[in-house]
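I'd like to ask you about the structure that follows.
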Amino acid sequence: MPLSNISHILLILSGKGGVGKSSTTLQLALSLNLLGQNVGILDIDLTGPSIPRLLGLEDKKITQAKGGWVPVEVHPSISASGSSGDEEVGRGQKSGVQAVARGALHAISLGFLLPSRSSAVIWRGPKKTAMIRQFISDVAWPDLDYLLIDTPPGTSDEHIAVLEELHKLSEKRPGQLSGAVVVTTPQAISTSDVKKELNFCLKTGVEVVGVIENMAGYMCPCCGEVSNIFSKGGGEEMARENQVPFMGSVPIDTGFGGLVDGVKFDEKGEATDEKDPRPLVDRYEDCKLCRIFSDFARKVMDVQS
């Protein structure tokens with residue numbers, strides 16, 4: 001059965017574009033990895049796939065195997081003994097498995113199937129729906145603790161198609177669809193659209209795990225102090241009005257872009273011309289946002305416990 005070896009599925013939603021859903025998806029995935037969880041990212045933003053670019057793996061391609069498409073491996077798992085390999089670790093609930101120091105990360109995106117980053121996807125609804133059904137049914141995921149689904153903005157064909165498929169599967173695996181994390185920015189123009197996403201979750205029977213207020217303030221790259229140059233608190237107020245959990249606020253960190261690009265920083269935190277050869281998950285541990293998203297990841301895990 002499709003997705004049968006995945007314990008929990010989490011949607012990353014927002015009614016507004018440009019609020020940072022993909023970067024939130026990535027950071028939540030990396031934070032879960034650092035807590036020993038094996039994670040997959042399914043990017044269903046078909047017309048604007050960002051995950052390959054954020055992972056620094058735009059040159060990678062999805063391969064075909066007997067069980068379906070094979071996801072792109074971002075990094076393998078590492079056991080507490082220091083050895084790597086998914087075959088040693090598997091899911092945490094399996095008996096006789098070594099303790100996991102870092103979980104594996106795999107990803108699927110239409111971006112891995114396109115000829116180049118500039119290739120346009122000009123599809124009508126039925127073709128989008130067919131593609132998403134294939135992503136759900138024809139991907140040979142390894143054993144995963146969490147599958148994070150990065151969605152496009154709004155409540156369009158992609159959202160309806162993925163939920164139809166997930167609800168069908170949930171009849172055989174109750175509780176597998178854990179819910180949704182909703183991303184917004186503090187401004188009223190964003191929260192007014194994101195409220196529609198909360199209403200969408202209510203109408204489609206998807207539990208809201210929590211609201212993340214992204215781009216809430218600017219983090220100084222030198223001292224780490226956060227200044228609220230735009231506004232703050234809009235996401236928290238929206239969550240309170242709609243009686244859904246508020247997970248927390250995330251400031252803008254200018255170093256995150258360099259981290260994704262593999263830029264090496266000196267002792268003063270300034271970018272150099274050298275490339276950092278370490279895997280993305282190891283570089284992310286040096287990011288100032290890592291502690292914030294580690295707290296979010298723990299909250300997600302607490303919901304499932």
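As a check on your grasp of the helix formula, calculate [θ] at 222 nm for the chain: sum -39500 (n - 2.57) over DSSP H runs of n ≥ 4, divide by the residue count, round to the nearest 500.
Calculated at 222 nm, the ellipticity per residue is -10000 deg cm²/dmol.
Moving on to the next point. Using each residue's phi in segment 271-282, evaluate 6.51 cos²θ - 1.76 cosθ + 1.60 at θ = phi - 60° and report the 3J(HN,Hα) Karplus result to the nearest Hz, with x for Gly and Pro.
These are the phi-based 3J(HN,Hα) values: 5, 10, 7, 7, 9, 7, x, 5, x, 4, 5, 6 Hz.
Sticking with this structure for a sec: Can you compute the label reach from Ala65? Point 7 Å from Cα along the Cβ direction, backbone N cut-off under 16 Å, restricted to segment 1-25.
The answer is 1-6, whose backbone nitrogens lie closer than 16 Å to the label point.
On a full-extension model of 0.36 nm per residue, what is the gain between Ser118 and Asp273, subtracting their alpha-carbon distance, rounded to one decimal in nm?
Numbers: separation 155, 0.36 × 155 = 55.80 nm, distance 2.60 nm.
Answer, rounded to one decimal: 53.2 nm.
Restricting to the chain, compute how many DSSP beta bridges are antiparallel as a %, nearest 5.
About 30 percent, rounded to the nearest 5.
While we're here: Collect residues whose amide H, placed 1.01 Å from N in the peptide plane, falls under 5 Å from the amide H of Gly210; neighbours closer than 5 in sequence don't count.
Those lying under 5 Å, H to H, from Gly210 are Ala180, Val182.
If you don't mind, another one. Magnitude of the Cβ-charge dipole of the chain, K/R +1 and D/E -1, about the Cα centre, nearest 20 debye?
Magnitude of the dipole: close to 780 debye.
Once phi is turned into ³J(HN,Hα) by the Karplus curve 6.51 cos²θ - 1.76 cosθ + 1.60 with θ = phi - 60°, what whole-Hz value does each residue of segment 130-145 show in order, with x for glycine and proline?
Karplus-based 3J(HN,Hα) across segment 130-145 equals 5, 5, 5, 4, 5, 4, 6, 9, 10, 10, 8, 5, x, 4, 10, 7 Hz.
Something else about it: Work out how much length Ser192 to Tyr218 would gain on full extension: take 0.36 nm times their residue separation and subtract the Cα-Cα distance, in nm to one decimal.
Additional length available on full extension: 7.1 nm.
In whole Hz, with x marking every Gly and Pro, tabulate ³J(HN,Hα) for segment 161-167 from phi via Karplus 6.51 cos²θ - 1.76 cosθ + 1.60, θ = phi - 60°.
Couplings: 5, 5, 6, 4, 5, 5, 5 Hz.
With a 1.4 Å probe and every protein chain left in place, work out the accessible area per residue of the chain in Å², rounded to a whole number. Mind dumping the intermediate values first?
Working: 13900 Å² over 305 residues.
Accessible surface, normalised per residue, equals 46 Å².
I need the calculated FRET efficiency for the pair Arg133 and Met301, taking r as the beta carbon distance and R₀ as 22 Å, to the nearest 0.05.
About 0.15, to the nearest 0.05.
Which listed residue (Gly257, Ala297, Ala239) has the Cα farthest towards the positive end of the charge dipole for segment 229-305, taking +1 on Lys and Arg C-beta and -1 on Asp and Glu C-beta about the Cα centre?
Ala239
Considering only Ile51, Ile160, Ile212, give the residue with the highest GNM mean-square fluctuation for the chain, with springs between Cα atoms whenever their separation is below 10 Å.
Ile160
With +1 assigned to the C-beta of every Lys and Arg and -1 to the C-beta of every Asp and Glu, and no other charges, what is the dipole magnitude of segment 6-83 about the Cα centre in debye, to the nearest 20?
In total the dipole reaches around 80 debye.
For segment 99-191, which whole percent of the accessible surface, found with a 1.4 angstrom probe, sits on carbon and sulfur atoms?
Carbon and sulfur atoms account for 54 percent of the accessible area of segment 99-191.
At what distance in angstrom do the alpha carbon centres of segment 102-117 and segment 143-157 lie from each other?
14
Set the Förster radius R0 to 35 Å, insert the Cβ-Cβ distance between Ala140 and Leu202 as r into 1/(1 + (r/R0)^6), and round the FRET efficiency to 0.05.
The value I calculate is 0.55.
The values are calculated or read from the model by the stated rules, or taken from the named source; none is laboratory data. What you see is a predicted model, and the numbers here were worked out from it, not measured in a lab. With ideal geometry, Cβ positions are generated from the backbone for all residues, glycine too; neighbour counts draw on all protein chains shown. Areas reflect the complete protein model, heavy atoms only, side chains present, ligands, DNA and RNA absent. Shrake-Rupley method; radii C 1.70, N 1.55, O 1.52, S 1.80 Å.
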